[in-house]
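S.K.: Please see the structure below; I have some questions.
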Amino acid sequence: MLKRVDHAEDSEVERQGADDQAQNSAEIQKKRFTHEDYTVGWVCPLEVELTAALQMLDEEHEPLPQPPNDRNIYHLGSIASYKVVIVGLWQTGNNPATAVVTQMRIRFPSLRFALLVGIGGGVPTITERGMLRLGHVVVSKPVGPFPGVIQYHKGKARDGVFERTGALAPPPTVLLLAAQSLAAQRARSNEDPIMKNIQRVDTSKPHLRRFEFPGIENDRLFPADYKHPCPGLSCEESGCDTAHIIKREIHEVDELIVVHRGTVASGELVIKDSALRDKLAKEYGALCFEREAAGAMADFRCLVIRGISHYCDSHNNDQWEGFAAAAAAAYARQLFFHMPIDEVKLSMLVQRSHDKERQLIASWLCPTDYPSQQSANIRERQDGTGQWIFETDAFRQWEKEKGVLFCPGIPGAGKTVLTSIVVDYLREKHGQNDDIAFAYIFCNFQQQENQKLDTILASILGQLIRGLCHIPEQIQTFYKTYQRNEMQPQLGDILQMLDVTLRLYSHVYIIIDALDECSDFDGTRTHLISHVLDLQRHLNISFMATARFLPDIISKFQNLPSVEIRASDADVKRYVESNLPTMVRRRSDIHDFVSSEILKIADGMFSIARVYLDSLKGKCSITAIKKALDKCKTGWEVYEQAYEKVMKQIWQQIGDRAELAKRALAWLTFARRALTLTELQHALAVVVGESSFDEENLPDVEEMICSCSGLIIYNEKDHIVSLAHYTMQEYLEKTWTSWFPNAHRSIGEVCVTYLCYDDFEGRGCGREYNYEERCRKYPLYAYATESWLYHARKQPLNHSLVGKLLMSDEKFDAWVQSLKEETTRLQLAVELGLEDEVEALLNNRYQVNARDRCLSTAFQIAVGKGHERLAMLLHRYGARPVADMYTAAKIGCESNFLGQGGEMNLKDGHVWTMLADARASTDSRNIDTTTYGLTPLCLAAKNGHPAGVRLLLEEGANPNLPDKNGTTPLMHALAEGHSEVVYLLLEAGAQKESTPLEVAVENNKKSAIRNHLAHGANYDLQARESSLSWTINNRHQEAV
C-alpha cells in the first residue's frame, strides 16, 4: 500500500538543513545517471524561472548525451528521492512548449508527469485564501466544468457567439493529492516550508538580488478603466497618478506566500487589458493567465504552478518577476516531499501498463510478424556477404541524410536477404538511439490479403509506435475510437497518425522489399510508393525499396539514387574460398580454376555459386571436381525454384494480365529470333482467325512488361524485348509444357492469321508490290513469313486456317516469293497433312510428281512423314511410287512431333505392297543406287522398317553395300537397335564382323547385340579396341 509523507516539522527542517549544508560545502563531483532514471519533468519558459528552479535542486547531475537535432538544454538533478529534468524554452508560447516537451519525453522515456513552473498574470479577485496579490502562487486545479487549464483563445463561432473548445486534461491525480497534502501541512506548521525553500535563493549575492521580496507597498492595482499612458515605460516614468491606486487592506497573511488553487487560462495572446482580463476571468473563473500550459499539456499531463508578477493590465510591474518565479519554484520543490514514497515504483507499474498498451496498439496496426521474417532471412545469409552495399556512395548518403535509395535486381539475385542485412545493420548501429526508428515490410505475392494500401501503411505506423517511449494522446484516442466501434483504421486517419508519429523521431528509415510482389491491380503499389515518397519529402525519412525491373516501378524512382542488387564478385569469391573442398584449397592450380569458373557462371546470382559448391562436396579427385562442375552447368535447382515462384505469381494475376504475360513469355521463349517491341506488340494483338488487324488491340507497353513480373526487359537502344536473364530462357525451355504446352501452335497460328489479312489480297511481290513497305506497315509480317512453317513443323496448326493461306494464290505466292522458297502448294499441304487441301489441289490438276529444291516429290514427303492416306491418294492421282523407292525406305522414321510424343500411324504393308506391285516397271539395278550418299536399304535399316528391308532384299539389294561413309545396313540397324532388321540382314548374308557389334555396344542396344552374337559375330577379348573392352571402359554393364 502506498504511504504518504506527512512530514513532521522537525524532520523536514533537519533534512533541509542537511541540504543547505551540502549546497554550501565544497563542490563535489556530479553524479551521472541514465536517461531512464529520470521520472519528473520541470518546464520553465523564462531565464528568471530557470534560475529559480536550479536553486531548488538538492544536487545537480552530470549532463547526458543527446543527438544534434535535439536542441533542448536539459538540467539534471534530484529533489528528495526523485530525479528531475529541468528544461527551458527558447521563446514563450504554446507552440515552443509543445516542441520542447515532446523532445524531452523522447529523450527521457521514464518521465511520468511534469511541472510547468514560472510566472503569470493574476486576476485581482478574492478566493478562499483571500485577495489574490502579486507574489502569490496560483496552482491549477479542476473546478466545476473546467479541468484546471483552459485555452481561452480556442473555440468556434456558433449562432454569433464564441464557444470555447479548448479544455485540456486535468493534472495527474498524484500531483493534485500532493498539493492537497502540502496545503494541510502548511496549515499545521509553525514555519512555512515554502518560505524556507525560497531562502535557497541567496539574495545577498548581487546576481540574485532580483529575487528579493519587493515589499507589499509596491503591489499597486489600478482600476480597470485607468489605462497606462506610455507603453514601455514604468508607472513612475509615465506619471501614472497614484491617487487612482485601489486601496486594499493588508493582512498579516499577505506577508507570506499565499497559494490559490483553481483554473489557469492559457492562450497565445498576452493579456494587457484589465477589461478583457475581468471578462475572461468572469466567464471561466480563471485566476491566472499564461502562454505555455496548453502547448505543454497537448501530449503530457502537467501541474501548472505560476507566481503572480503582474495583473494583466497595461501597468507594467517587472520588479515582481524575480520573487514570483522564486515563489513558484519554492512551491514546486515542496511538492516532491508530499508525493507518495513509492511513486517511483508506481511509475514503473504505470510504465509497464503503458508498455502493454503500446504493444496492443502496435499489434493491432501491424499483425504481421516482420521481425520473425527478418530473422529467418538473416539465417539464409552467407557470412561476410552483403557488405558491398554499405560501401557504395549512394547507401552512405542515404544512411546519413534523408533520401531515397532504389535497389532493383533480377529474380534470385538476393534482394530479400540483402534487405534483411540492411535492417540488421541499422538495428545494430542505431538500435540504442530512441530518437531513430526504422520500419520494414517484406512483400509476398502469396499474401495479397495482407498487402492492401491501408494495411501496409498501418504496419509501418505500428512498427514506429513500438519504438516510442510514450504513445501520443492522439494515437490513443485514434485506437480507442476504432476499437470501440470494432472497425479497421481508415487510410486518412492512418496517414494523419503516421505524420504525427514520424515527427516524434529525428530520423526514420523505411524499407520495403519486393515491391513487385505487391499487387498494382487496384493501384495499391502505385499509391504506396506515392504516399511514402510524399512523407519522405516533408519529413526526415530515408526510404529504401527493392524490386524486379518493372517499368512502372522504375518510373516512380526515376532520377533518384539507385543501386542494382547482384552477387558481387568479392562476395562470391569469399564464399567459394571458404567452402572449397580441402583438396582444392591445397592445390593452387585447381583452386584458381574452380574459383574463376564459379565466379563466371554465378553472373549476379549468388545462389548459383552455392549449388556449384554443394556439387563439389565429397569429391576426391580433380577429374571428379571438373565433372561435377560440368554437370552442374548453371545451377538449375536454384533458379528453378526462384522462377517457379515468379511464374505462379504471374498466373495468379487478376483480369487479362495473366493471359497477356503467358503469351508474351511464350513468344520470347520460342521465337526463332529476337523480337522488337513493335513485333511483340503486334503478335499479342492478333486475334487468330480474324481477317484484319485491329490497332486498338495493341497491348500497352508498360502493362505488357509489368505483367511478366520482371522476367522480360526492353532495350531502348536496339528496341529489342527479351527475357531478363539467360537462365530464364533455360528454365522456360525445360518447363514449357507446364506453362504453355501449345506455344508453337499458338505462335504459328498467329503468324498464319497475319499472313492471311484481307489487306494482302491481290498484291504479289512484283513491281507493284514493295515488300519493305508491307513490313513497315505490318511489323510482324517479316517474322510471320520466315517462321510460320517452323512453328507448324513443331506442332500441327488448325487445318482450315493453314488451308486458307495455301488456297489463296496471291497470299501463298507472296509468301513463297518473299521467302524465296522452292516449294509447291501441294508439297506443303502434304507435309502438313492437309487432306482436304491436297485433294482440292489434285482436282485442280496440280503436277503430282513435281519436285522441290531437294528433288523431293509430294509422294516422297507423304511417305517420309508417315501420311499413309495421302500417299495412297497421291498414288491414285498418278504418283510414281517405285521411282521413289529411296524415299519409301524412310517410312516411319520421321514425325511431325519429333521429340514431343508423336507416333507413326502408317501400316507397313499397304504402301510397301503398292511399291511391290509396281516393281515390274523398275530396273532392279536401281535398287543399289545411292541417293545423297545413302542406299535405300541403308535408310530402311536405319529407320527400322522390316517390311521395307525385306522387300529391298527380295529385289536383290546388296546387304553389305555401305553408304558414302562406309556404314553398312547392318551397322545402321545395330546402331539404332532394330533387332528384327538385324536378324533379316544377317539371314540375307550380312557380314558378321566385330565392327557392327562395336556400334551396337556403343549405343547399348541389347536385343540387337544378342541377334548379332547369335549369328557368330567375331570379337577379340584381348584387342584393345574390341567391343567388349570398349563396353567395360564405358560401363555398359548390361551390354556386357
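FYI, it's all coordinate maths here, none of it is from the lab. This is a predicted model, so every value here is computed, not measured. Cβ atoms come from the backbone with ideal geometry, glycine included; neighbour counts cover every protein chain shown.
S.K.: Could you work out how much longer the chain between Lys356 and Gln496 gets when fully extended? Use 0.36 nm per residue separation minus the Cα distance between them, nm to one decimal. Please list the in-between numbers first.
M.R.: Details: separation 140, 0.36 × 140 = 50.40 nm, distance 2.32 nm.
The Lys356-Gln496 span can extend by a further 48.1 nm.
S.K.: Something else about it: Over the Cα atoms of the range 663-775, what is the Rg over Rh ratio if Rh follows Kirkwood? Could the numbers behind the result be given before it?
M.R.: On the way: Rg = 15.5 Å, Rh = 15.4 Å.
Rg/Rh for the range 663-775 comes to 1.00.
S.K.: So for the range 32-341, what are the equivalent ellipsoid semi-axes in whole Å, largest first, each being the square root of 5 times an eigenvalue of the Cα gyration tensor? Mind showing how you got there, number by number?
M.R.: Values: eigenvalues 178, 110, 73 Å².
Sorted largest first and rounded, they come to 30, 23, 19 Å.
S.K.: While we're looking at this one, here's another question. For Lys83, what residues show an amide H to amide H distance below 5 Å, using hydrogens built from the backbone and excluding near sequence neighbours?
M.R.: Answer set, sorted by chain and number: Thr39, Val40.
S.K.: Each label point is 7 Å from the Cα along the Cα-to-Cβ direction; what then is the distance between the points at His207 and His430, in nm?
M.R.: Between His207 and His430, the simple spin-label model gives 4.0 nm.
S.K.: At 0.36 nm per residue, minus the direct Cα-Cα distance, what do Met583 and Arg503 gain on full extension? Give it in nm, one decimal, please.
M.R.: Numbers: separation 80, 0.36 × 80 = 28.80 nm, distance 5.85 nm.
Difference between extended and current length: 23.0 nm.
S.K.: Treat every Asp and Glu Cβ in the range 368-441 as -1 and every Lys and Arg Cβ as +1, leave all other atoms uncharged, and give the resulting dipole magnitude about the Cα centre to the nearest 20 debye. Working shown, then result.
M.R.: Numbers: 8 positive and 11 negative charges, 33 e Å.
Charge dipole of the range 368-441: 160 debye, to the nearest 20.
S.K.: Output the Cα-based Rg and Dmax of the range 354-556 in Å, rounding Rg to one decimal and Dmax to a whole number.
M.R.: 16.4, 50
S.K.: Rounded to whole Hz and in sequence order, give me ³J(HN,Hα) for the range 32-39 from the Karplus expression 6.51 cos²θ - 1.76 cosθ + 1.60, θ = phi - 60°, writing x for Gly and Pro.
M.R.: Each residue's phi maps through the Karplus curve to give 10, 10, 9, 4, 6, 7, 8, 10 Hz.
S.K.: Follow-up. What is the packing order of peptides 81-87, 360-366, taking the mean over residues of other C-beta atoms within 10 Å and listing the highest first? Let's see the in-between values first.
M.R.: On the way: 81-87: 21.9, 360-366: 19.1.
Sorting 81-87, 360-366 by mean packing, highest first, produces 81-87, 360-366.
S.K.: Beyond 22 Å between alpha-carbons counts as too far, so tell me which of Lys227/Lys247; Lys356/Lys429; Lys573/Lys648 fall in that bin. Show your work: numbers first, answer last.
M.R.: Working: Lys227/Lys247 17 Å; Lys356/Lys429 26 Å; Lys573/Lys648 33 Å.
The answer is Lys356/Lys429; Lys573/Lys648.
S.K.: Quick one: Phe543, Phe812, fewest Cβ neighbours within 10 Å first, how do they rank?
M.R.: Fewest-to-most ranking of Phe543, Phe812: Phe812, Phe543.
S.K.: Residue by residue through the range 802-816, which ³J(HN,Hα) values in whole Hz follow from phi under the Karplus form 6.51 cos²θ - 1.76 cosθ + 1.60 (θ = phi - 60°), with glycine and proline marked x?
M.R.: Listing the rounded values in order: 5, x, 4, 6, 5, 8, 9, 4, 5, 6, 5, 4, 4, 5, 4 Hz.
S.K.: Then there is this: What ³J(HN,Hα) values, in whole Hz, does the Karplus curve 6.51 cos²θ - 1.76 cosθ + 1.60 give for the range 968-976 when θ = phi - 60°, with x put for Gly and Pro?
M.R.: For the range 968-976, the Karplus curve yields 7, x, 4, 5, 4, 5, 5, 4, 8 Hz.
S.K.: Computed over the Cα atoms of the range 804-849, what is the ratio Rg over Rh, Rh following Kirkwood? Spell out each step's value before the answer.
M.R.: Working: Rg = 10.2 Å, Rh = 10.8 Å.
With Rg and the Kirkwood Rh in hand, the quotient comes to 0.94.
S.K.: How would you rank 713-725, 489-501, highest first, on the average number of other Cβ atoms within 10 Å across their residues? Intermediate values should be presented prior to the final figure.
M.R.: Working: 713-725: 15.3, 489-501: 17.0.
Result, highest mean first: 489-501, 713-725.
S.K.: Now, a different point. Report, by chain and number, residues whose modeled amide H sits under 5 Å from the one on Ile512, excluding near sequence neighbours (fewer than 5 apart, same chain).
M.R.: Ile441, Met544, Ala545, Thr546
S.K.: Report the net charge of residues surrounding Lys227, where surrounding means a beta-carbon distance below 11 angstrom and charges are Lys +1, Arg +1, Asp -1, Glu -1.
M.R.: Details: positive: Lys272; negative: Asp225, Asp273, Asp313.
Summing Lys/Arg as +1 and Asp/Glu as -1 gives -2.
S.K.: Under 5 Å between amide H atoms, partner at least 5 residues away or on a different chain: which partners does Ile73 have, H built in plane at 1.01 Å?
M.R.: When sequence neighbours closer than 5 places are left aside, the close amide H contacts are Gly88.
S.K.: Here's something else I'd like to know. Distance cut-off 27 Å, Cα to Cα: go down the list Lys556/Lys717; Lys400/Lys600; Lys717/Lys811 and report the pairs above it.
M.R.: Details: Lys556/Lys717 21 Å; Lys400/Lys600 35 Å; Lys717/Lys811 34 Å.
From Lys556/Lys717; Lys400/Lys600; Lys717/Lys811, over 27 Å: Lys400/Lys600; Lys717/Lys811.
S.K.: So how do Phe395, Phe323 line up by other beta-carbon neighbours within 10 Å, fewest first?
M.R.: Values: Phe395 20, Phe323 27.
Fewest-to-most Cβ neighbours within 10 Å comes out as Phe395, Phe323.
S.K.: Quick check on packing: order 308-319, 111-122, 133-144 by the mean number of other C-beta atoms within 10 Å, highest mean leading. All intermediate terms of the calculation are to be shown ahead of the outcome.
M.R.: Values: 308-319: 20.8, 111-122: 26.4, 133-144: 22.8.
The peptides rank, most packed first, as 111-122, 133-144, 308-319.
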